[in-house]
Every structure is written in C-alpha cells, then in structure tokens.
Amino acid sequence: MKKSVLFTLLSILTFVFSVSGQNTEYSSSRLNNSASQLKRLTVDLADRTSGRLQANSITRADIEEAFLASQFDASAGLFAQMISDNRRAAELRDASVFLNDLARRVPNYGANSYLWRDVQTSVNDINRELGNPNGNNSGGNNSGNNSGNNSGNNSGNNNNSNSIIGRAFWRGTVDDKVQLVIQNQSMRVQTVSGRSYPDGTSSFTAALPTRKVAVGVNKQKGRGSVRVLQQPSRENDFTTVIEIYDEGSGAKEYQLEIFWQKD
C-alpha cells in the first residue's frame, strides 16, 4: 500500500514539474546560433531578390521570390526577437511552425537556390532544437516546373541530396545565351546568341538515365541566370537542356552543378 501511495505521489510530482517546465523561459546557445544564422541568410536573400526587381526585364518567379524573401526576413527577425525576449519554449515552438510553413514554399530553382537550401537547413535546426515534430520542410516550391519561363534553375523536384542519383559538372564561358544539351553521358554546348566560345569542360558521376528523372541545376559561379529548359522524357529521347543567360556586358565564366533525382 505504501509503495502504491509513493508511486502515485512521484507520478503527480513528475507531471507538475513537466507542466511547469513547459512554461519556463527557454535558453539555448544552439537555438540562438541557428536563429542568428537564419537572419543573416534572409537579409542576404531579401537584398539580392529586391535588387533583381530593378532589372529591365523580370519574371513572375522573380517577383514571387522577392516577396517570399522579404516575408521570411521579417519572420526571422520576429523569431530572433522572441528568443531575445526569453519567450517560453511552447511559444517558440508555435513560432517555428510558421517559419517551417514558409520554408516549404522556398524555390528549388534560381541563382539563389543554394541560399534557400541553407535557409531550410537553419529552420530544420531550429525545429530540431525545440523538439518540434513538424520540423521537416523539404517540400520546396515546384511552381513553374517545365514551364521554360522561370529565371534561375528549376530542379523539378525537391533538392534533397539523399535522393540525388547522379551529377554532371560544367565549366565554360558565356556571352549572352548558351544551352547545354545533355544525353546519357555526353554534353553538347549550343550558342543561342552572343559570341561563341569553346565548349568548356564537363564531367559526370553517372550517366543521365533513360527513364524519367527530375533534373536541377546549381550555379556555383557566374553572374546571370540558369534554368532547366527541358526535362528528360521519352518524347525527347531522355535529353535535358540547361539554359544560361548572361545578362551583363561582355563574356563571363560559369561553373554549374547539374543533378538528377528520382521523379
């Protein structure tokens, strides 16, 4: 009987301390670091994307990205302020859900795709530190897939490194507009406009499959925009086309990472 009463008392005390712990202020150096990193990234993205709107010609994707970057920057600032104000863990978890919802909308294409991936990583780190079970934001925004109208690169799928089954790398010089035509394990360079340059150098980690996959591209070096103009399919004999548009005057060197994932 005494053991039963003692067990009951311990259970009640455990519950009381658990509830009390949920209402205490939350402090974590890892959380602070992740929130600070997120804010630095969103400031950079907001500056880059709003600057893009000053160009003579912009697309709907440019506008969407700029508005999303501005919204994300403001939200990251509010979240950092909540941490600075020592808000409770439950409140921070609620706030992180909103960050996560924004992270699901980030574009998987464009010159800023690598920054958007870093944003997703920071949000994942925040959710993980807070113990938020809804912290997976790898969804991404696939609007404009295969449309051929979006500037930047269009992966056509989630840019999750765990699902990438092959890569190709290209380095070369572009003056105005160039297309890279990829089939199997070959890459052909077509100059659409501007001065022609040598084909550059390319390498593959695996051949582009003769089945449906989603191709994406990361611009590692260069000043213009890069996009997937054509996804491989049976109709085009599983050929993909990457288009590079160098908007500045004169030629510029580019370096690309092209990858494909299971569709």
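Quick one: if you stick a label point 7 Å off each Cα along the C-beta vector at Gln255 and Ser29, how many nm between them?
The modelled label-to-label distance comes out at 3.4 nm.
Starting from 0.36 nm per residue, how many nanometres of slack lie between Lys212 and Phe169 once their C-alpha separation is accounted for?
Residue separation times 0.36 nm, minus the Cα-Cα distance, leaves 13.5 nm.
Can you figure out the FRET efficiency of Asp237 with Tyr114, using R₀ = 35 Å and their beta-carbon distance, to the nearest 0.05?
Using R0 = 35 Å, I get an efficiency of 0.70.
Between Ser193 and Gln220, what length in nm is gained on full extension when 0.36 nm per residue of separation is reduced by their alpha carbon distance?
Taking Ser193 through Gln220 to full extension adds about 7.5 nm, to one decimal.
Measure out, as a whole number of angstrom, how far apart the alpha-carbon centroids of segment 80-98 and segment 191-256 sit.
Computed from Cα coordinates, the inter-centre distance equals 42 Å.
Hey, could you get me the Stokes-Einstein D for segment 19-130, Kirkwood radius over alpha-carbon pairs, 25 °C and 0.890 mPa s, rounded to whole µm² s⁻¹?
Using the Kirkwood radius from Cα pairs, D works out to 169 µm²/s.
Could you calculate the FRET efficiency of Asp47 with Val97 from 1/(1 + (r/R0)^6), where r is the beta carbon distance between them and R0 is 35 Å, rounded to 0.05?
Calculated transfer efficiency: 0.85.
Using θ = phi - 60° and the Karplus curve 6.51 cos²θ - 1.76 cosθ + 1.60, what whole-Hz ³J(HN,Hα) does each residue of segment 80-96 get, with Gly and Pro shown as x?
Whole-Hz 3J(HN,Hα) from phi for segment 80-96: 4, 5, 4, 5, 4, 7, 6, 5, 5, 4, 4, 5, 5, 5, 4, 5, 5.
If you wrap a convex hull around the alpha carbons of segment 161-262, what volume per residue comes out, as a whole number of Å³?
In segment 161-262, the Cα convex hull volume per residue is 81 Å³.
No lab work stands behind these numbers, since they all come straight from the coordinates. In this text, all values refer to a predicted model and were calculated from it rather than measured experimentally. Counting neighbours? That spans all protein chains shown, and the Cβs are built from the backbone with ideal geometry, glycine included.
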